[in-house]
Each structure stands twice: as structure tokens, then as C-alpha cells.
1. Quick one: residue 311 ticks every box in (1) over 30 Å from residue 37 (Cβ atoms); (2) surrounded by 19 or more Cβ atoms within 10 Å (Cβ to Cβ); (3) touching a Pro at 6+ places or on another chain (Cβ under 7 Å) except a single one, so which number is it?
2. From the list 124, 143, which one is buried (at least 24 other Cβ atoms within 10 Å of the Cβ), small (Gly, Ala, Ser) and in contact with a Pro (Cβ under 6 Å, 6 or more places away or on another chain)?
3. Step by step: first the residues of the stretch 18-42, then only those that are assigned to a loop (DSSP other than H, G, I, E, B) and free of Cβ contacts under 8 Å to residues at least 60 places away in the same chain, then the one that is surrounded by the most Cβ atoms within 10 Å (Cβ to Cβ). Which residue is that?
4. Only one of these is of a type in the set (Gly, Ala, Ser), in contact (Cβ under 8 Å) with a residue 24 or more places away in the chain and in contact with an Asp or Glu (Cβ under 8 Å, 6 or more places away or on another chain): 327, 338, 277, 298. Name it.
5. From the list 59, 80, 45, pick out the single residue that is part of a helix (DSSP H, G or I) and under 22 Å from residue 325 (Cβ atoms).
6. Need a quick list: helices (runs of 4 or more DSSP H) entirely within the stretch 200-300 having at least 3 residues that are surrounded by fewer than 19 Cβ atoms within 10 Å (Cβ to Cβ).
7. Looking at the structure I just gave you, is residue 304 free of Cβ contacts under 8 Å to residues at least 24 places away in the same chain and part of a helix (DSSP H, G or I)?
8. Identify the residue in the stretch 130-180 that is within 22 Å of residue 120 (Cβ to Cβ) and part of a helix (DSSP H, G or I) and, among all such residues, is nearest to the chain's Cα centre (by Cα).
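Just so it is clear, none of the values below were taken in a lab; they were calculated from the coordinates. From a predicted model like this one, the values you see are computed outputs, not experimental measurements. As a convention, Cβ positions derive from the backbone with ideal geometry for all residues, glycine included, and neighbour counts pool all protein chains shown.
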Amino acid sequence: MNDTTKLLLRAARGDAVPHAPVWFMRQAGRSLPEYRELRAAVGMLESCRRPDLVCEITLQPVRRHKVDAAILFSDIVVPLQAAGIDLDIVAGTGPVVAEPVRTMAGVEAIRPLEGESVGFVAEAIRLLLAELGDTALIGFAGAPFTLASYLVEGGPSKHHTKTKALMYGAPDVWHALCDRLAGITRTFLQVQVDAGVDAVQLFDSWAGALSEADYRRYVLPHSRAVLTGLRGPVPRIHFGVGTAELLPAMAEAGADVVGVDWRTPLDVAAARVPGKALQGNLDPCVLLAPWEVVEQEARRVLGEGAKAPGHIFNLGHGVLPETDPDALTRLVELIHTA
């Protein structure tokens, strides 16, 4: 891997860059007509298991937008299914688990992830590395808390009531579950690192539902086990939604780069996690506004991001399905010339 020309890696280290590298969460997906056409007759999990489709879908936004990084097309539940958990991704709903996990017996029934069972991911990465050149490739996985919330709730949840009830009421079961999930996540990321990704991102999408005290007690040890247990010198990005008060704790988990959602200005975040590079954080809804608004907000984000040792421009969450792809292309051009 020659990382001297990969801007994302330089920014993650805090090295000088000619402009902030830019990529977008969910850049490969529903906002692109070529993606919708390709996925029309293929289920989500099936598409994640086909290296040819993973490669093509991952490359689509690189070709169209000229972003500085590709993110592997996959889903956070892919390693759970590979570990034998009966689940599916239901259109319009999200991941649905056949038998929610709420007891120690349920936890013990979850088997460790064997790297060979996700060999299709390694094969997709090998295909991508032959195509990407100086464009960085980011691997990713879901963090133990977010994965646990799906398993406990049985699917998506607004308030995570069953998750919190288990966390507070049966902490032994909770920690056993998160320990098992940390092992699965670490193995899934290690497969990606060993195959050659340039960086990894750990998504803790639902961590913002917690107080800082609860995060430190019930979540931090397990996220730390993933990030610090990963072998290889790749930068580790850690991202959650609604995590303004959790940023220092999330940084302690072992991240090199802290992802920030749109609610917290990056200069404020820089003061909360001194010494860390930041990623973010344009509100995805801004891309639905007139261009002059997009430009104004993007320049604001760039100015605030300059307060951190390194800044990777991104959205504060994923690209919305109704986003005009041309707005993303134009935004990349702006970031590259700002």
C-alpha cells in the first residue's frame, strides 16, 4: 500500500494536505440511479455476498463524484448472518432478527465468526484494490452496542427500551452479549484489513441514545476491545449519531479519527477531543437546498474543521435517498478547490 498520495490517510495522521479529503457515508447507494438499476432484482444481503456487485457498487460514486475515498459496500449485519444469526434486511424496515437475544442462553448460542465465512468480502476488496489507484478504500463494521440493539430489539427501535432494560436489569447478559459481538466485529474488520483496506470505520449509530456514564460503563470497554484489538497500522474512524456529549469517551475507545454528526460544530468537537483528527459534518438535508446554501454551509464546515489537527470532509450522517447526485459531484469539486 502506497499511502503517500492518499489524502484521507494523510489527513487522518494530521499531515499537510492540499485540500480536505472528501467522501460521503452512504455514497454508494440509493441516491444513484445506476445503483438502483443494479439492485433492482437483487436483495441487499445477496448483493453484499457477491464480490462482483460489491466491487461495482463501491466504485460507482468514485467514478461519478471523484471522491477521495471509497467505502466498501456492505451492511453492519453481514457478519452477524455469517455467524449464524437468522436475520434479514426488510425493505422499508431494516434488519429484522428472527429470534431476539435477551438471555444468557441466547448469547451462548451465538457462535464466533470464522474469517472464511466472509471470504467474499476479502475477494471484493482484492477486486477493488486493482481499480482504485490513489483512492483510499475504507472498510467498516457496526459497533457492539448498535449490533446488540438490533439483536435485543429484534429490529430497528426509536427508544431502545428492550436494549436498555437488558443493559440495566441483566448486566451480566449484556456484557456477555457485547463481548461476543466485539469478537465478531473485530474478526470482520481484521478480514478487511488483511485484505488491504486503507482505513476502517466503526459505526455506533445508536450510541447517542445513552448518557456518558452509561456509555462508559456499558459500551466503551467493548468498542475499545474492537479498535485496540485490531492488528495493522490502518487509521480507525469512530462515528455515532447524537454523540456530542460522548465524543471524549468515543475518542478514548481507540479512534484515530472521530466522526461528528451535524449537531456539533467541528471547532467545538476539536476542543472536546484535542489531538484527534475529525470527520464530518455537513447536515445531509443541506444537499436538498439551493446551491448557494450548500456552498455557504460547506465552507463553514471547512473553516470549523481547520481547528482540528486533520479534517476529512463528510456529511454528518448518510446521503439521503432523495439527494440529487449532481449536488454531491458539485460539492466534491468545491471541496477540492476551496
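1. Only one criterion in (1) over 30 Å from residue 37 (Cβ atoms); (2) surrounded by 19 or more Cβ atoms within 10 Å (Cβ to Cβ); (3) touching a Pro at 6+ places or on another chain (Cβ under 7 Å) is unmet by residue 311, namely (3).
2. On the way: 143 fails: in contact with a Pro (Cβ under 6 Å, 6 or more places away or on another chain).
Every option except 124 fails the conditions.
3. Step one: filter the stretch 18-42 for residues assigned to a loop (DSSP other than H, G, I, E, B), giving 18-21, 23-32, 40-42.
Then keep just the ones that are free of Cβ contacts under 8 Å to residues at least 60 places away in the same chain; that gives 18, 28, 40-42.
Working: 18: 8, 28: 24, 40: 7, 41: 7, 42: 12.
Going through the qualifying residues, I end up with 28.
4. Values: 327 fails: in contact with an Asp or Glu (Cβ under 8 Å, 6 or more places away or on another chain); 338 fails: in contact with an Asp or Glu (Cβ under 8 Å, 6 or more places away or on another chain); 298 fails: in contact with an Asp or Glu (Cβ under 8 Å, 6 or more places away or on another chain).
Only one candidate passes the filter, namely 277.
5. Details: 80 fails: under 22 Å from residue 325 (Cβ atoms); 45 fails: under 22 Å from residue 325 (Cβ atoms).
Testing whether each residue is part of a helix (DSSP H, G or I) and under 22 Å from residue 325 (Cβ atoms) leaves just 59.
6. Values: elements: 212-218, 220-229, 247-252, 266-272.
Output list reads 212-218, 220-229, 266-272.
7. Working: free of Cβ contacts under 8 Å to residues at least 24 places away in the same chain: no; part of a helix (DSSP H, G or I): yes.
Against the criterion (free of Cβ contacts under 8 Å to residues at least 24 places away in the same chain and part of a helix (DSSP H, G or I)), residue 304 does not qualify.
8. The residue in question is 147.
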